[in-house]
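Student: First the structure, then my questions, so here it is.
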């Protein structure tokens, strides 16, 4: 079935005016590239930049509607699937939640096909077979009901090893200007690798796995050059799960960026124990200006519960190194780790002032389906809230031992507000000024870059 009109919809429970700056969702754009490679008509819509009326009309015009959603937005995806099914459309869904919970989605009655795992190859194989349920049984990584009403979950598909063979995302299928209007730094996303070898208790690993797989640095730089040639990109975020897994590859990529004279600021995320000052300076020389770190907590006990496998001292060491390298830092916190007490929150508050990050993003502890925490804390999950109270809502299906959800949200709000007030104090401003001056005195070439490449607006 390749002669119909296909629609790919990125679903969000926070449409029209997300709290933070947004960029194009790459998942549906990677699949869009597969459709175009097969010569199939496809269009894409991102609910965050579209109205309900536009989405409804796009669904009416489509023959097949494909949906993509993270776990916090799965209820939203099912609502759109129900809208599509009521109008006689064939529906498909993929993404992290579809990978870990295909049965619930099929049992909803609103989804015809579930794509499980990395879906580029699965989609390429399934496209010409849609509607032929017997042949589809031979396609790996797929869920559906056959003509006899039997639920079929086909053999699992292995992870894609040759990431260079995956086409670049079809970024033209979504209006880049709409994102730039909501994102003054003109931020765009790019993957250089998939997989993370660590075992943090809260993380879903099913879709990309623990095996680290990387694109060649040549392929990455080719995509960077394409992005800059076709769009007014002001900053690139490498959205790898763990950008610095292999330091030699980081060095190789930085050298290639410099060799090609790719002039663009970029940002990445990593662990505090997978980066040091020397690597930071190497990355800075190639354009990195911002560093995101999954810190989660300042409590040794909570770090152990979350299976982070690093110490608070390591957190502080890395944050101080980033300040020395004049890198803007954002850290992520988890509030309400199992067993957490007010003493743990006080330790986190102390860590923040010692580490002095530039921004904090926080979320309540949520045992995502498919994560180790979901199995480990199964008896403390309120299953009536499982599709309603995830990270996007400020709620939590996890019933904490010591606090209500409202209390955790108040702790979260107070922790962040107190730190932000401290961060804006004159003494802290002077401290940051001192570190900037120290950096530029030691690295005068970077001062020239500072004036020739103004820093983007931060979000």
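The values are calculated or read from the model by the stated rules, or taken from the named source; none is laboratory data. Just so it is clear, the structure is predicted and the values come from calculations on it, not from any experiment. With ideal geometry, Cβ positions are generated from the backbone for all residues, glycine too; neighbour counts draw on all protein chains shown.
Student: Is it fair to say residue 384 is loosely packed, with under 13 Cβ neighbours inside 10 Å, assigned by TED's automatic domain parsing to the domain that holds residue 205 and either modelled with pLDDT of 85 or more or at positive phi (or both)?
Tutor: Answer is no for this residue.
Student: Hey, residue 349 hits all of (1) in contact with a helix residue (DSSP H, G or I) (Cβ under 8 Å, 6 or more places away or on another chain); (2) buried (at least 21 other Cβ atoms within 10 Å of the Cβ) but one; which does it fall short on?
Tutor: (2)
Student: Only residues that are crowded, with 24+ Cβ neighbours inside 10 Å and without any contact (Cβ under 8 Å) to a residue 40 or more places away in the chain: list them for segment 66-83, please.
Tutor: Within segment 66-83, 81 is the sole residue that qualifies.
Student: Say we look at segment 311-327 and pick out the residues that are in contact (Cβ under 8 Å) with a residue 12 or more places away in the chain and surrounded by fewer than 18 Cβ atoms within 10 Å (Cβ to Cβ); which of these is farthest from residue 428 (Cα to Cα)?
Tutor: By that ranking, first place goes to 314.
Student: Now a separate question. Identify, from the list 138, 129, 163, the residue that is closer than 18 Å to residue 215 by Cβ and either touching a residue at least 40 places away in the same chain (Cβ under 8 Å) or surrounded by fewer than 22 Cβ atoms within 10 Å (Cβ to Cβ) (or both).
Tutor: After applying the criteria, what remains is 163.
Student: Moving on to the next point. Take the conditions more than 20 Å from the chain's Cα centre (by Cα) and surrounded by fewer than 22 Cβ atoms within 10 Å (Cβ to Cβ) and apply them to residue 286. Does it pass?
Tutor: Criteria met by residue 286.
Student: Would you confirm, using the coordinates I've provided, whether residue 103 is in contact with a strand residue (DSSP E or B) (Cβ under 8 Å, 6 or more places away or on another chain) and either buried (at least 23 other Cβ atoms within 10 Å of the Cβ) or within 21 Å of residue 370 (Cβ to Cβ) (or both)?
Tutor: Spelling it out, residue 103 is indeed in contact with a strand residue (DSSP E or B) (Cβ under 8 Å, 6 or more places away or on another chain) and either buried (at least 23 other Cβ atoms within 10 Å of the Cβ) or within 21 Å of residue 370 (Cβ to Cβ) (or both).
For (1) within 19 Å of residue 87 (Cβ to Cβ); (2) under 24 Å from the mean Cα position of the chain (by Cα), each residue gets a yes or a no:
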{"position": "24", "(1), (2)": "no, yes"}
{"position": "40", "(1), (2)": "no, no"}
{"position": "43", "(1), (2)": "yes, yes"}
{"position": "48", "(1), (2)": "no, yes"}
{"position": "60", "(1), (2)": "yes, no"}
{"position": "68", "(1), (2)": "no, yes"}
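Student: Condition first: in a helix (DSSP H, G or I) and within 19 Å of the chain's Cα centre (by Cα). Now tell me which residues in segment 145-181 satisfy that.
Tutor: 163, 171, 176, 179, 180
Student: Step by step: first the residues of segment 258-273, then only those that are part of a helix (DSSP H, G or I) and in contact with a helix residue (DSSP H, G or I) (Cβ under 8 Å, 6 or more places away or on another chain), then the one that is farthest from residue 241 (Cα to Cα). Which residue is that?
Tutor: 258
Student: Is at least one residue of segment 368-380 within 24 Å of the chain's Cα centre (by Cα) and in a strand (DSSP E or B)?
Tutor: no
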